[in-house]
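Read-outs throughout are calculated quantities, based only on the coordinates presented, and are distinct from any laboratory measurement. From a predicted model like this one, the values you see are computed outputs, not experimental measurements. So basically every Cβ, Gly included, is an ideal-geometry build from the backbone, and we count neighbours across all protein chains shown.
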Amino acid sequence: MAKKGGYGFGIVGCGMVADFHAQAIAAMKGGHLACVFSRKRANAQRVAKKYACAAFTDYKTFLAHPGLDIVSIATPSGAHLEPVEKAAAAGKHIACEKPTEVSLERVDKMIAVCRKHKVMLTGIFQRRFNEATQIFKKAMDSGRLGKITLADAYIKWYRTQEYYDSGYWRGTWKLDGGGALMNQSIHTIDLLYYLAGEVKWVCAFANRSIHKRIETEDNAVAILKFKNGAMGVIEGSTCCYSPTGHPAEVHICGSEGSIFMRDNSFTVWDFKRRRSNDNKIMQKFSAQQGGPGAGAADPAAIDYVSHQKNFEDMVKALKKGGKPLVDGAEGRKAIEIILAIYRSALTGGKPVQLPLKRTPTRKAFR
């Protein structure tokens, strides 16, 4: 039940991602930050002092905090399931960072335990809440592009070797779940699915191109066949140097129109049948060529506003008794696509059909 000041949030894990969550919760309507948890006292106290909330190093005590309604999971990707299981059993709703987990089996356990205890599970896929994304989605749903022919995602980002060395879990299958695709590209891959629909087949190649001491890929290319008949490409990398970073892009073309989205803006907004507000949309959302990409070169350079909208959507769903935009099943989709890409890449580019029945065996990329 909501407390005074809206629903009380508690953050699990006090690394870099916790600050995005804390800033978003502080700015949101309908919620406030009640407490944080970390096994490391210094980390918990740092976040608690900065955002004026309670700090805990014992998870059971954290879950018993009287002001806690929603647990926000910000631990490494492969360490989401266990705190979710305990939080759900304690009757707490869950907001979980991407990817919700690193295997289909662990994701499905999360969905099942939240269903069992009748608590809400929301995935953090904040780019769905960008204003440009919502305008794009409306155009897709209204059929303005006609028959969809091509649907592509490009994430040509850069991460230093120091980035991978900074955390013992980075670039590992067990805790990161993957590399450039599962960690950095997943938001844009989620957008591609959200806008273009279900993927039927993938064929992919990936490698560890420039980084050392990691198991996972830092460079990947996949060809996709969608259920609607469209074809497409995903390029995901952390090897593409730029001092400011290349923005993530989604391009969708059809028989009646084409839209190219760059982060929260458009480079192309073309239709056979123009509408009166098309010029206004491009005036407001026109992209500047060569502009920096959000998080493309610096993972800390991400705006918290979309996280805020993600949390507000969850609170709205709780109040109305409905579903959030990204429930457990929706949060699973991008993970399944990425795991299919890994299966293809690790078997020499063999085509892989979706849906997957199980998580593929993963080995270190060369």
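Over the chain, DSSP H runs of length four or greater, each weighted -39,500 (n - 2.57), average out per residue to a 222 nm ellipticity of -10000 deg cm²/dmol.
Taking the Cα centre of the chain as reference, the dipole from Cβ charges on Lys and Arg (+1) and Asp and Glu (-1) amounts to some 760 debye. Rg ratio for the stretch 86-133: its Cα radius of gyration over 2.2 N^0.38 Å, N being its residue count, equals 1.27. Neighbour counts of C-beta atoms inside 10 Å place LYS29, LYS357, LYS92 in the sequence LYS357, LYS29, LYS92, starting with the fewest. Size descriptors for the chain, from the alpha-carbon set: Rg then Dmax equal 20.1, 60 Å. The packing ranking, built from the mean of other Cβ atoms within 10 Å per residue, places the peptides 269-279, 135-145 in the order 135-145, 269-279, highest first. Rounded to the nearest 10 degrees, the angle from helix 104-116 to the longest Cα principal axis of the chain is 50 degrees. For the stretch 66-220, taking Cα atoms only, Rg and Dmax work out to 17.6, 53 Å respectively.
Give me, ordered by chain and number, the residues 5 or more places off ILE11 or on other chains with an amide H under 5 Å from its own placed amide H. For ILE11, the qualifying residues are CYS35, VAL36, PHE37, SER72.
Take each peptide in 246-253, 347-354, 116-123, count the other Cβ atoms within 10 Å of every residue, and average; sorted highest first, the result is 246-253, 116-123, 347-354. Here the contact order of the chain, divided by its residue count and restricted to Cα pairs under 8 Å and six or more residues apart, works out to 19 percent. Rounded to the nearest whole Hz, the Karplus-based 3J(HN,Hα) values (6.51 cos²θ - 1.76 cosθ + 1.60, θ = phi - 60°) of the stretch 230-241 follow the sequence 5, 10, x, 9, 10, 10, x, 8, 10, 10, 9, 5, with x at glycine and proline. The alpha-carbon atoms of the stretch 216-366, seen along their principal axes, cover 50, 42, 38 angstrom, with the largest extent given first. The packing ranking, built from the mean of other Cβ atoms within 10 Å per residue, places the peptides 157-163, 188-194 in the order 188-194, 157-163, highest first.
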